1. Just the projected area, averaged over all directions, of the convex hull on the alpha carbon atoms of segment 3-71: how many nm²?
2. Can you pull the one-decimal nm distance between simple spin-label points at Arg10 and Lys267, each 7 Å off the Cα toward Cβ?
3. Which three lengths, in whole Å and largest first, does segment 57-129 cover when its Cα atoms are put on their principal axes?
4. Kindly count the pairs of lysines across segment 259-362 whose alpha carbons are less than 20 Å apart, treating pairs on different chains or eight or more residues apart as eligible.
5. Which order results if Asp23, Asp169, Asp301 are arranged by neighbouring Cβ count within 10 Å, fewest first?
6. With Rg and the Kirkwood Rh both taken from Cα atoms, where does Rg over Rh land for segment 264-327?
7. Arranged by the count of other C-beta atoms within 10 angstrom, fewest first, what order do Ser327, Ser189 take?
8. Within 10 Å, count the other beta carbons around each residue, average over each peptide in 150-163, 283-296, and list them highest first.
Amino acid sequence: MHTSLWTIIRLLAWTEGYFRSFDIDSPRLTAEILLSHVLNIRRLDLYLQFDRPLSTNELALYKALIKRRVEKEPVAYITGVKGFWNSQFFVTPDVLIPRPDTETLVESALALVEQKKQAMKDTVGVQDNSGKLISMLGKDIYGEKRLKVLELGTGSGAVIISLAMANPDVLFYATDISPDATAVALKNSINLSVSNDVSASNAASISSDLSPSDDSLKLSSVDVPVERVGLANLFFLSGSWFLPIKKGVCFDLIVSNPPYIPTSDIKNLQQEVREYEPVLALDGGVEGISCLKEILEAAPDYLESDGFLLIEMGFDQKQRLEHEVVSISKYDKPVFIKDYAGHHRVVSLQKKIKNIENKNKI
């Protein structure tokens, strides 16, 4: 068949039917995403140029992508990008593909950050025994006292980058056990800082005001590199959960979307998930809460006296997490937040007053 007969509109119609025969989700949308990726145009432009014929090379590239999708490779890995919150994120098989459910975690975190910012501005000051003003947590000293937020298991960086972009006056840190995942997150931070007109010189000047001291985040005796490129208020550290964070360093908010799928359930997941996405980011142990429990137990040592922990969870894990929170006895009563599908998706925990300890600050 002559290639000139394969116009955009005809190719989309054929691909939609072909995908349906292989039970591919959203066949028309998938066809549009893949074809716009090959042609490097917007999906809207597919219909503005509907009678455009494809070249032999374009058809070959598109055919290769169709084959990958029919083999159930996720669209995000095929195109290398995934939309999340207000941005497009680079993704590879080294990281979990960001999901709409996780936007509930971002939304909840943004609300808490705003709440804490307002509390800081409303605080007039703190005096020592002699009556001398030693702290002013308002506009006059806002550059010296900043909120600190930590993400555990950052993956692509979609959550922490979304938070950091919305709050340039807050310090953000993120850890991940996978160096490859950290590299993906760092690339996203760099790409989005450039796309948002944060020049290297600009970032350097902002970073000088926001950065922690070089020795503030360490293992017991081994320095942990703090990446300083990309968004000026965001720093990535390599290591499992709290391991890269020095004991005594505290945060106003800790967020995490840890693995929470029971090991035995992974084999029943969609083929796209079980065969392509990293098991490390999915497997939550025998009952699905091994990682959640580990974070719940350790987090109070890294939270400020009025700090919060936000964790994404499985829709059916509410009762089990309530039990764990009570047994740990380091938090106030948990608050469960539903996603837009009506499922309990995030648990919000505030550190109990009785666990207040004097902590070193970054």
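1. On the way: hull surface 16.0 nm².
The number I arrive at for segment 3-71 is 4.0 nm².
2. 4.7
3. Result for segment 57-129: principal-axis Cα extents of 76, 22, 19 Å.
4. Lysine pairs meeting the criterion: 20.
5. Values: Asp23 9, Asp169 14, Asp301 17.
So the ranking, lowest neighbour count to highest, is Asp23, Asp169, Asp301.
6. Over the Cα atoms of segment 264-327, Rg/Rh equals 1.04.
7. On the way: Ser327 11, Ser189 27.
Lowest to highest Cβ neighbour count: Ser327, Ser189.
8. Numbers: 150-163: 27.7, 283-296: 18.9.
Packing order, densest peptide first, comes out as 150-163, 283-296.
Taken together, the values in this text are just the output of simple stated rules run on the coordinates, not laboratory data. Remember, it's a predicted structure, so these values are computed and weren't measured experimentally. Here the Cβ is made from the backbone with ideal geometry for all residues, glycine too, and neighbour counts use every protein chain on show.
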